[in-house]
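Colleague: Below are the structure tokens for one structure; questions will follow.
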Amino acid sequence: MRRLFWFGAGIAAGVALTRKVNETARKATPTGAAEQIGGAMRELAGAVGSFGADVRAGMQEREDELQDVVAEASQVRRIAAESDAERRARRAGR
């Protein structure tokens, strides 16, 4: 029984080792290397695209904030100009 167990374990280890060696050998071929490089390039392109989307979203958010600030400032200037015009009119009427 022990011999049968060790025989089976040896076969399983041999199959696993053979698969690993074949996979490594396939990666070492020009086709395998091209597949690995292609996969890395696809991953890089996805990361760059994601980064670009994040940058665009941040730019849009900042642009909205700046537009709000400009709108508030122009409203403050308009109110101040109206107040100045009213003061001048009162002074002129005295």
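The values are calculated or read from the model by the stated rules, or taken from the named source; none is laboratory data. These numbers were taken from a predicted model, which means no experiment stands behind them. Cβ atoms come from the backbone with ideal geometry, glycine included; neighbour counts cover every protein chain shown. Note: areas computed on protein heavy atoms with side chains; ligands, DNA, RNA excluded. Shrake-Rupley method; radii C 1.70, N 1.55, O 1.52, S 1.80 Å.
Colleague: Report the residue count in the range 10-44 for those that are among the small types (G, A, S) and either open to solvent by 90 Å² or more (accessible area, probe 1.4 Å) or under 34 Å from the mean Cα position of the chain (by Cα) (or both). Even if it seems obvious, please write down each step before you answer.
Modeller: Going residue by residue through the range 10-44, those that are among the small types (G, A, S) are 10, 12-14, 16, 25, 28, 32-34, 38-40.
Checking the rest, the ones that are also either open to solvent by 90 Å² or more (accessible area, probe 1.4 Å) or under 34 Å from the mean Cα position of the chain (by Cα) (or both) come to 28, 32-34, 38-40.
Count: 7.
Colleague: On to the next question. Look through R56, R77, R91, R62 and report the one residue that is out of contact with any helix residue (DSSP H, G or I) (no Cβ under 8 Å at 6 or more places or on another chain), surrounded by fewer than 10 Cβ atoms within 10 Å (Cβ to Cβ) and part of a helix (DSSP H, G or I). Before the answer, list the steps.
Modeller: Details: R56 fails: surrounded by fewer than 10 Cβ atoms within 10 Å (Cβ to Cβ); R77 fails: surrounded by fewer than 10 Cβ atoms within 10 Å (Cβ to Cβ); R62 fails: surrounded by fewer than 10 Cβ atoms within 10 Å (Cβ to Cβ).
Every option except R91 fails the conditions.
Colleague: Which residues, counting only those in the range 1-22, are part of a helix (DSSP H, G or I) and either of a type in the set (S, T, Y) or modelled with pLDDT under 90 (or both)? Lay out the reasoning, then the answer.
Modeller: Of the range 1-22, the ones part of a helix (DSSP H, G or I) are 2-22.
Answer for the range 1-22, where residues must be part of a helix (DSSP H, G or I) and either of a type in the set (S, T, Y) or modelled with pLDDT under 90 (or both): R2, T18.
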